[in-house]
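Written below as structure tokens is the structure these notes are about.
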Amino acid sequence: MSKFNSYLLTVLLSLATAFICIQSFGPVQIKKIEAASSATVNAVQQGMIGNDKTDNTPILQKIVKNSGSKVPLTINIPKGTYLFTNAQMEAVKLRSDLTFNFENGATFKVSGGNHIIFVYPSTKKGYSGGIKNIKWNNATFKGGDVSAREQSYFVQSVHHATAVNFNNATFYNCQPREGHLLDLTGSHDIYITNSTFEGFNPSSGAEYKEAIQVDYSNEQAMAYNISGDQYDNLPSYDVHVTNSKFLPITNSNGGIKFYAPNPIGEHAIYTNPYAGMIHDVYFKGNYVQDTVPLKENQGSNLQFLSVSNLYIENNTFENNSAKSSDNYFRLYNTQSNAVMNNLNIKNNKFINVNPKKRYIYVPKIGNTGAIKKVSITGNTIRSSKTSIPFVQSNFGTTGMTIKNNLFSTSSAAQVKTSKKKKQTNKYEKYYSVKSSTTARFKKNAKKHYTLYTHIKGHKNWKYASKKLKNSKTKKVYVDKRAKASSGKWYRIRFDSKSSSQRYWIRTGALTLK
């Protein structure tokens, strides 16, 4: 045999050996993930395609599954639109120690009436029965309304899970019509921070459903039942929602297409057996605008049934266009063997909310346990309807701390006095902007541009009283843009807090970062 033929045979044998190894043991890089103490992978390099066409559901499931269960895994999601469908599977089963990092411009999308459930499985009973350490960083989930009766949606079914974080996440028009976006069942240490929830298109009779449901480990409570899950009626606790926004989706003329979702709550309890009540829920520093008007008697946009250690503090609740519900809050007890304790509603702003019956209702239903240590203090109510009761209870309020809650008839927006103006724009189109978007003023922009309460040419637009030339601020926060007969516009805030006053300004004044 010649030297060349011998060399060729050696090469062919090497290739055959490599092929056999790959067929027997899987891709080499998966073996590396198993061997390492932690791993980071690129979703596109692992097979996902961000072209808004390819079904990424089975691909993502394969990435999670092939990485094993013992190695902490970070999945980086490059810029692109990653379509998900339920054609092959409707649920992606997650595992412990999983981090998703989304680049700016990376979006998980469902459309055409499809739906996807991210499942947090629990193979054992107890708080340690589920998975832990799941992080969604900068994630965007986008759904869509297919028709008046059909919705494309995502759901996070979080069962017995621990240490779940949503940081700077966006949920746009992707809540199920008869369900929740985040369904927390028997889970704890849940953190939702700097996130945005936009739009809710509910079925008739399901308007009360919350974006974030704080619930129990019970088969009937689950958003999705996966084979092998174990249930024990344990309540969720240590749930933190901070500096987040719950907003409506507007149509092309600036009106409401879909109201904002009801932000958080719980409306059922499971007693066979009774394993405790929901507790330690923190809803702080959030902005809620134009939630769904609830038609049923005693409808409430935020309600908790049998809860303790509840902290609703430093939030802004505002209605610009939405009609009112009977109540804005309802905290009520139906359990004879349970005492609700330490309920705090403090330092919030209510702007033009104007509920039909009262702002806060604290009733006991039937022969139930006590409701103790209720503190409702330091809240500000801005409304022209000062006759609406702020707090009511069907067992009296003498044991509650209710003080320093101030009514004001002043307008939330500081504007110059001017006559009402007719709509002069022949067209107006509004677009959402990613919640983390910031901008800087161009050179001399403060001398040549002004602030508006709404885009010029919109009905009753006005110049804002805030003088731009007097502002020393260099950076602003952009949360919406518009195109109209009167030009192109950004809606801005001078503070990172979502509850800060908003203004409109022409796009020529700013450079987006």
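We did not get these values from a lab; they are worked out from the coordinates using the rules stated. Bear in mind the structure is a predicted one, so any value in this text is a computation, not a measurement. Note: ideal-geometry Cβ built from the backbone for every residue, glycine included; neighbour counts use all protein chains shown.
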Exercise for the section: Take every DSSP beta bridge with both residues inside the range 36-408 and express the antiparallel ones as a percent of the total, to the nearest 5. Expected result: 5
Practice task
Report relative contact order for the range 443-499 in percent, whole number only (criteria: Cα-Cα under 8 Å, sequence separation at least 6).
Solution key: 26
Handout entry: Loop-located trypsin sites (Lys or Arg not before Pro) in the range 29-122 whose Cβ has at most 14 other Cβ within 10 Å (DSSP)
Key = Lys53, Lys70, Lys79
Practice task
With a ≥ b ≥ c taken as the square roots of the eigenvalues of the C-alpha gyration tensor of the chain, please select rounded if a/c is under 1.5 and otherwise prolate if a/b is larger than b/c or oblate if it is not?
Solution key: oblate
Completion exercise
Yeah, the range 428-512 with a ≥ b ≥ c from its alpha-carbon gyration tensor (a/c under 1.5 is rounded, else prolate when a/b outruns b/c, oblate otherwise) is rounded
Exercise for the section: Work out the charge dipole of the chain with +1 on the Cβ of Lys and Arg and -1 on the Cβ of Asp and Glu about the Cα centre, then indicate which of Leu310, Asn272, Ala338 is farthest towards its positive end. Expected result: Leu310
Fill in the blank from the handout: For the chain, whose charge dipole is built from +1 on Lys and Arg Cβ atoms and -1 on Asp and Glu Cβ atoms, the candidate among Tyr224, Ala322, Tyr282 with its Cα farthest towards the positive end is Ala322
Problem - ³J(HN,Hα), Karplus 6.51/-1.76/1.60, whole Hz, each residue of the range 189-204, x for Gly, Pro - result: 6, 10, 10, 10, 10, 6, 10, 10, 10, 10, x, 9, 10, x, 6, 4
Fill in the blank from the handout: The ³J(HN,Hα) series, computed from each phi in the range 423-433 with the Karplus coefficients 6.51, -1.76 and 1.60 at θ = phi - 60°, rounded to the nearest Hz and given as x for glycine or proline, is 5, 10, 5, 7, 8, 9, 10, 10, 9, 6, 10
Problem - Helix-only mean residue ellipticity at 222 nm for the chain, each DSSP H run of n ≥ 4 adding -39500 (n - 2.57), per residue, nearest 500 - result: -2500 deg cm²/dmol
Completion exercise
For the range 399-408, in residue order, the Karplus 3J(HN,Hα) values (coefficients 6.51, -1.76, 1.60; θ = phi - 60°; whole Hz; Gly and Pro = x) are x, 9, 9, 10, 7, 6, 9, 10, 8, 9
Problem - Exposure proxy order (Cβ contacts within 10 Å, fewest to most) of Arg506, Arg330 - result: Arg506, Arg330
Exercise for the section: State to the nearest 20 debye the size of the charge dipole of the range 214-320 about its Cα centre, where the only charges are +1 on K and R beta carbons and -1 on D and E beta carbons. Expected result: 420
Exercise for the section: Rounding to the nearest 20 debye, state how big the charge dipole of the chain is about its Cα centre with +1 on each Lys and Arg Cβ and -1 on each Asp and Glu Cβ. Expected result: 3840
Completion exercise
By the Cα gyration tensor axes a ≥ b ≥ c (a/c under 1.5 gives rounded; else a/b larger than b/c gives prolate, otherwise oblate), the shape of the range 183-275 is prolate
Practice task
Just the number, please: percent antiparallel of the DSSP beta bridges in the range 89-241, rounded to the nearest 5.
Solution key: 10
Completion exercise
Residue separation between Thr54 and Tyr463 times 0.36 nm, minus their alpha-carbon distance, gives in nm 142.5 nm
Problem - Solution diffusion estimate, µm²/s, Stokes-Einstein, the range 33-88, Kirkwood Rh from C-alpha pairs, 20 °C, viscosity 1.002 mPa s - result: 181
Handout entry: Which of Met340, Met400 has the fewest Cβ neighbours within 10 Å, and the rest in rising order
Key = Met400, Met340
Handout entry: Long-range amide H partners of Asn379 with built H, under 5 Å
Key = Asn347, Asn348, Asn405, Leu406
